[in-house]
Amino acid sequence: MRMTGFSQVMARFDRIPDAAVALGLRVFPALVFWQSGRTKVEGLAIKDSTWFLFEHEYALPLIPSDLAAVAATLAEHVLPVLLILGLCTRLSALALLAMTAVIQIFVYPGAWITHGLWAAPLLAVVARGPGAWSLDRVLGLDGRRGARPRAAPMAGGTR
């Protein structure tokens, strides 16, 4: 069957390596959290403004503000690095997804569009894994060393 010009153009998108897509899904949300973490510290110390924000604006119902400030600051520095490296990737993405849910529910409930943009790639990483360009793959931690990429299910549940 002869492909139309449009079909030929669309078929070129199939040539984008899955590993490149997975890397993008890891890097961009990681950078959002990394940048947020950097605003909370000065050198190795948590800023006074961070303590204030966690006590007043980011206050959570069950977690003391001091603990929340330290946990969030640490998470926003460690988890993005792990995500970019592709190490403990699914767990790192899941933790950042949980942070996103907490921020959405308790801190900024009106910012669901922004949080959705963070959550979507994180959910994709949790569901599909880190991709071939990851330390998880190199070390065999994703259970897919040398495995062929999994095809996405088509409509109707068939592949």
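Restricting Thr73, Thr100 to residues that are in contact with a strand residue (DSSP E or B) (Cβ under 6 Å, 6 or more places away or on another chain) and crowded, with 17+ Cβ neighbours inside 10 Å narrows the list to Thr73. The condition (being touching a helix residue (DSSP H, G or I) at 6+ places or on another chain (Cβ under 9 Å) and either closer than 18 Å to Pro29 by Cα or exposed (fewer than 15 other Cβ atoms within 10 Å of the Cβ) (or both)) is satisfied by just one residue among Leu60, Leu82: Leu82.
In the set (1) within 25 Å of the chain's Cα centre (by Cα); (2) under 23 Å from Gly110 (Cβ atoms), the condition left unmet by Ser49 is number (1).
Of everything in the stretch 117-144 that is under 11 Å from Arg90 (Cα atoms) and charged (D, E, K, R), the residue that is modelled with the lowest pLDDT is Asp142. Of all residues in the stretch 81-137, those that are among the small types (Gly, Ala, Ser) and assigned to a helix (DSSP H, G or I) total 10.
Looking across Ala75, Ala119, Ala95, one residue alone is within 26 Å of Leu141 (Cα to Cα), touching a residue at least 24 places away in the same chain (Cβ under 8 Å) and of a type outside the set (D, E, K, R). It is Ala75.
Output the residues belonging to the stretch 58-72 that are of a type outside the set (Gly, Ala, Ser) and free of Cβ contacts under 8 Å to residues at least 40 places away in the same chain. Across the stretch 58-72, the qualifying residues are Leu62, Ile63, Pro64, Asp66, Leu67, Val70. For the stretch 8-18, check the following and say yes or no: at least one residue is farther than 26 Å from Tyr108 by Cα, in contact (Cβ under 8 Å) with a residue 12 or more places away in the chain and either in contact with a helix residue (DSSP H, G or I) (Cβ under 8 Å, 6 or more places away or on another chain) or assigned to a helix (DSSP H, G or I) (or both). For the stretch 8-18, residues farther than 26 Å from Tyr108 by Cα, in contact (Cβ under 8 Å) with a residue 12 or more places away in the chain and either in contact with a helix residue (DSSP H, G or I) (Cβ under 8 Å, 6 or more places away or on another chain) or assigned to a helix (DSSP H, G or I) (or both): present. Selection of the stretch 85-122 for residues being within 11 Å of Pro29 (Cα to Cα) and of a type in the set (A, V, I, L, M) yields Ala93, Leu96, Leu97, Leu117, Ala119, Ala120, Leu122.
Here's the yes/no breakdown for (1) over 22 Å from Pro17 (Cα atoms); (2) of a type in the set (D, E, K, R); (3) within 12 Å of the chain's Cα centre (by Cα):
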{"residue": "Thr100", "(1), (2), (3)": "yes, no, yes"}
{"residue": "Ile103", "(1), (2), (3)": "yes, no, no"}
{"residue": "Pro109", "(1), (2), (3)": "yes, no, no"}
{"residue": "Trp112", "(1), (2), (3)": "yes, no, no"}
{"residue": "Ala120", "(1), (2), (3)": "no, no, yes"}
{"residue": "Gly129", "(1), (2), (3)": "no, no, yes"}
{"residue": "Trp133", "(1), (2), (3)": "no, no, no"}
{"residue": "Asp136", "(1), (2), (3)": "no, yes, no"}
{"residue": "Asp142", "(1), (2), (3)": "no, yes, no"}
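The values are calculated or read from the model by the stated rules, or taken from the named source; none is laboratory data. Since this is a predicted model, take the numbers as computed values, not measurements. Cβ: placed from backbone, ideal geometry, glycine included. Neighbour counts: every protein chain shown.
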